[in-house]
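I have placed the structure first, in the form of structure tokens, so that the comments after it can refer back to it.
The values are calculated or read from the model by the stated rules, or taken from the named source; none is laboratory data. The model shown is predicted, which means the values in this text are computed figures rather than measured ones. When we count neighbours, we look across all protein chains shown, and the Cβ atoms used for this are built from the backbone with ideal geometry, even at glycine.
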């Protein structure tokens with residue numbers, strides 16, 4: 001369900017960005033909108049599996065005597081995961097722009113705003129998943 005909501009958020013962001021900010025985000029067709037959103041979602045899924053594996057390996061490495069993980073592990077994961085996400089999200093956008101000829105993002109600040117927005121939405125979704133468990 002999280003991936004479906006993420007897909008919808010990315011698609012709506014690109015769609016409304018194309019309508020309200022045509023100088024910054026241009027999506028040529030509905031097909032490009034769907035394919036670029038799908039590509040962003042697939043890359044995000046692959047990277048989240050990588051981060052989850054990294055987190056699990058860190059948990060097993062930081063076990064204390066009672067079998068509980070150290071309290072600072074969450075800090076370490078956020079300290080690594082947040083900057084990594086902020087670096088990878090512009091790359092995902094750039095990959096979409098490179099692959100699709102009629103998908104264009106203009107300007108440094110457009111990349112920054114979209115990256116921060118996608119990362120913050122992703123963190124919010126992960127917090128909801130933790131609450132559900």
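Of the conditions (1) assigned to a helix (DSSP H, G or I); (2) at pLDDT below 80, residue 15 satisfies every one except a single condition; which number is it?
Residue 15 satisfies all of (1) assigned to a helix (DSSP H, G or I); (2) at pLDDT below 80 except (2).
Every residue, every condition in (1) in a loop (DSSP other than H, G, I, E, B); (2) at pLDDT below 85; (3) at negative phi; (4) surrounded by fewer than 16 Cβ atoms within 10 Å (Cβ to Cβ), yes or no:
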residue	(1), (2), (3), (4)
39	no, no, yes, no
90	no, no, yes, no
93	no, no, yes, no
116	no, no, yes, yes
119	no, yes, yes, no
124	no, yes, yes, yes
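Considering only residues that are touching a helix residue (DSSP H, G or I) at 6+ places or on another chain (Cβ under 8 Å) and surrounded by fewer than 17 Cβ atoms within 10 Å (Cβ to Cβ), which ones fall in segment 1-19?
2, 3, 5, 15
Among the residues of segment 74-87, write down those that are at pLDDT 70 or above and either surrounded by 17 or more Cβ atoms within 10 Å (Cβ to Cβ) or out of contact with any helix residue (DSSP H, G or I) (no Cβ under 6 Å at 6 or more places or on another chain) (or both).
79, 80, 81, 82, 83, 84, 85, 87, listed by residue number.
List the number of the failed condition for residue 71; all other conditions in (1) farther than 18 Å from residue 10 by Cβ; (2) outside any helix (DSSP H, G or I); (3) modelled with pLDDT of 85 or more hold.
Only one criterion is unmet by residue 71, namely (3).
When you scan segment 48-67, do you find a residue that is in contact with a strand residue (DSSP E or B) (Cβ under 7 Å, 6 or more places away or on another chain), crowded, with 16+ Cβ neighbours inside 10 Å and at pLDDT 75 or above, even just one?
Among the residues of segment 48-67, not one is in contact with a strand residue (DSSP E or B) (Cβ under 7 Å, 6 or more places away or on another chain), crowded, with 16+ Cβ neighbours inside 10 Å and at pLDDT 75 or above, which makes the answer no.
Across segment 20-37, what is the total count of residues that are surrounded by fewer than 16 Cβ atoms within 10 Å (Cβ to Cβ) and not in a helix (DSSP H, G or I)?
Number satisfying all stated conditions: 5.
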